[in-house]
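I have placed the structure first, in the form of structure tokens, so that the comments after it can refer back to it.
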Amino acid sequence: GGKIETNFHVSSLAQLPSSHAVLLDVTPRQLLEIAGHKFSPLYRWQLEKYRYGMGVFKVDWALDGPVPFTAPECRQAGTVHLGNTLEEIAAAEQMTWKGQHPDRPFVLLAQQSVFDGSRAPEGKHTAWAYCHVPGGSTKDMAGAIERQVERFAPGFRERILARHTMNTQQMEAYNPNYIGGDINGGVIDIRQLFTRPALRPSPYRTSAKGIYVCSSSTPPGGGVHGMCGYHAAAQALKDVFGLKAKSLN
């Protein structure tokens, strides 16, 4: 009974049809743009104080073969985290948090074509990876990422047929929720872990009746895919219709 519209940029509540509830899958910056005039001064102030975190630099590859990881377990994993020791990973992330670009960044790599033949022509493969960079960074980190992959998969660079890169500004242009390249919807630290995006009895309710936020800027945050939306929908069902959402167990 619903209708889905794509390629439609919403910048105001006036663009939306009348409804009992509006759930906005956006970060605080877009939330203020779309519905800020409906909010209380305190709630607006809290949203304006919301902090965004590190950005990402992403590389997509077309490959002549699978990534030749030395470790056989890595060849059989859909996602691989590259960083060597815990100390090295922590040091690289700390450098990035302080606004620097480490030579050996912590890299998250995905290689779906190993398991899904539709991802690439027969005999070929695809992969993508990203590393954290300071928010808003325009530095090209493709070389650093590829050296880090090569470190654990000797011969990787010889298999690269083509690459496509995206810095933080291009990531934000691709998805306006990625403020400064932040794909996590804002900093996740002790200050913003449970108060995403504001300190309220329910983080999914805004100060305006019937308007909810359901993005990764709400608990449990980015990385726990789908649960922000699930909890926001459960809150809306309870408030508007007095219904209880079904358990996911």
Test: residue in the range 205-223 that is surrounded by 15 or more Cβ atoms within 10 Å (Cβ to Cβ), polar (S, T, N, Q), closer than 17 Å to HIS20 by Cβ and touching a Lys or Arg at 6+ places or on another chain (Cβ under 9 Å): yes
Members of the range 157-180 found to be assigned to a helix (DSSP H, G or I) and open to solvent by 40 Å² or more (accessible area, probe 1.4 Å), listed by number: ARG157, GLU158, ARG159, GLN169, GLN170, GLU172, ALA173, TYR174
Within the range 39-152, strands (runs of 3 or more DSSP E) holding 1 or more residues that are open to solvent by 40 Å² or more (accessible area, probe 1.4 Å) and of a type in the set (Asp, Glu): 55-63
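Kindly evaluate ILE183 against the criterion of being under 11 Å from the mean Cα position of the chain (by Cα), at pLDDT 95 or above and open to solvent by 50 Å² or more (accessible area, probe 1.4 Å). Break it down into steps so the answer makes sense when it comes.
Numbers: under 11 Å from the mean Cα position of the chain (by Cα): yes; at pLDDT 95 or above: yes; open to solvent by 50 Å² or more (accessible area, probe 1.4 Å): yes.
Yes, satisfied.
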Positions within the range 61-75 being in contact (Cβ under 8 Å) with a residue 24 or more places away in the chain and not aromatic (Phe, Trp, Tyr), in sequence order: ALA62, LEU63, ASP64, GLY65, PRO66, VAL67, PRO68, THR70, ALA71, CYS74, ARG75
Total residues in the range 159-203, condition small (Gly, Ala, Ser), out of contact with any helix residue (DSSP H, G or I) (no Cβ under 6 Å at 6 or more places or on another chain) and farther than 20 Å from THR138 by Cα: 1
Those residues of the range 194-233 which are in a helix (DSSP H, G or I), under 26 Å from PRO41 (Cα atoms) and aliphatic (A, V, I, L, M), in sequence order: ALA232, ALA233
Long-range neighbours under 9 Å by Cβ, at least six apart or interchain, first residue closer than 16 Å to TYR130 by Cα within the range 158-179, second among the hydrophobic types (A, V, I, L, M, F, W, C) and open to solvent by 60 Å² or more (accessible area, probe 1.4 Å): HIS164/TRP128; MET166/ALA173
Residues satisfying the stated conditions in the range 77-90, i.e. over 23 Å from the mean Cα position of the chain (by Cα) and free of Cβ contacts under 8 Å to residues at least 12 places away in the same chain: THR85, GLU87
All positions within the range 1-21 that are open to solvent by less than 100 Å² (accessible area, probe 1.4 Å), closer than 23 Å to ASP239 by Cα and in contact (Cβ under 8 Å) with a residue 24 or more places away in the chain: LEU13, SER19, ALA21
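The values are calculated or read from the model by the stated rules, or taken from the named source; none is laboratory data. All values derive from a computational prediction rather than experimental measurement. For neighbour counting, all protein chains shown are included, and Cβ atoms are generated from backbone atoms with ideal geometry for every residue, glycine included. Only protein heavy atoms, including side chains, enter the accessible area calculation; ligands, DNA and RNA are left aside. Shrake-Rupley method; radii C 1.70, N 1.55, O 1.52, S 1.80 Å.
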